[in-house]
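Here the structure is laid out as structure tokens; the discussion comes afterwards.
The values are calculated or read from the model by the stated rules, or taken from the named source; none is laboratory data. What you see is a predicted model; the values in this text were computed from it and never measured. Note: ideal-geometry Cβ built from the backbone for every residue, glycine included; neighbour counts use all protein chains shown.
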């Protein structure tokens, strides 16, 4: 805030930097997904305007116009390094204050659809258009009660949030937002590298790392265990191309396994004993 205030200098101060910033935080807290939704809330909620720091006596005239927020976000984007520093400081403080913070970690990706229209014009010609987003596609496979695998495909225009978080407190530890066509695994490798540089103490004390089967990759699994002794808890993908549900262990006649890992001992075509991963 001090940086943005210094940049404004002696310019117009119709809407203070801190009040606009507080209102943006308020919008996140109250679940407003757009500037228009946030402005409607500020127009009807005098208490929120007062808490944010807008003039009490000005009434609804104190609510910034939409272009004020657009300009504020453009100014804020120029200081992404400072925002990252603030985030990393908060991660360190969480580790100091919260017992066992970072001991159980999870990773995931989240589609972020753009509200702006796609345009071929340059950003200078049309600031309302979306010039950085791309189309992303995500396929999800489920098996029904009839044992038939079905594919659900989701496509969106926008971005994708790649996140590493503490699963106990549900607080982020590392993140990045990229165009939607970036694959999760290469990005997660880079996030892990960044986590090792900025918060290696978290990796040194972590016990488990969870993720869905989209993160079933041998390199990070091996690295997590070999370098940090973190137990990967990542679902396994079915990479079998044939329809067989089980296979016989080489050199054995009554020992079988399936694509998910369990090994079974069978006697007279009846499976007995416990499954072992």
Item to check | Looking only at the range 222-243, and only at residues there that are surrounded by 11 or more Cβ atoms within 10 Å (Cβ to Cβ) and at pLDDT below 85, the one that is nearest to residue 195 (Cα to Cα) | outcome: 235
Checklist outcome for this item: Scanning the range 82-97 for residues that are free of Cβ contacts under 8 Å to residues at least 60 places away in the same chain and more than 18 Å from residue 163 (Cβ to Cβ) gives 85, 89, 93, 96, 97
Item to check | helices (runs of 4 or more DSSP H) wholly inside the range 169-277 containing at least 1 residues that are within 16 Å of residue 108 (Cα to Cα) and within 32 Å of the chain's Cα centre (by Cα) | outcome: 184-198, 218-228
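Condition test on residue 109, is it assigned by TED's automatic domain parsing to the domain that holds residue 224 and either buried (at least 17 other Cβ atoms within 10 Å of the Cβ) or in contact (Cβ under 8 Å) with a residue 40 or more places away in the chain (or both)? Step through it out loud before you land on a result.
Numbers: assigned by TED's automatic domain parsing to the domain that holds residue 224: yes; either buried (at least 17 other Cβ atoms within 10 Å of the Cβ) or in contact (Cβ under 8 Å) with a residue 40 or more places away in the chain (or both): yes.
Answer is yes for this residue.
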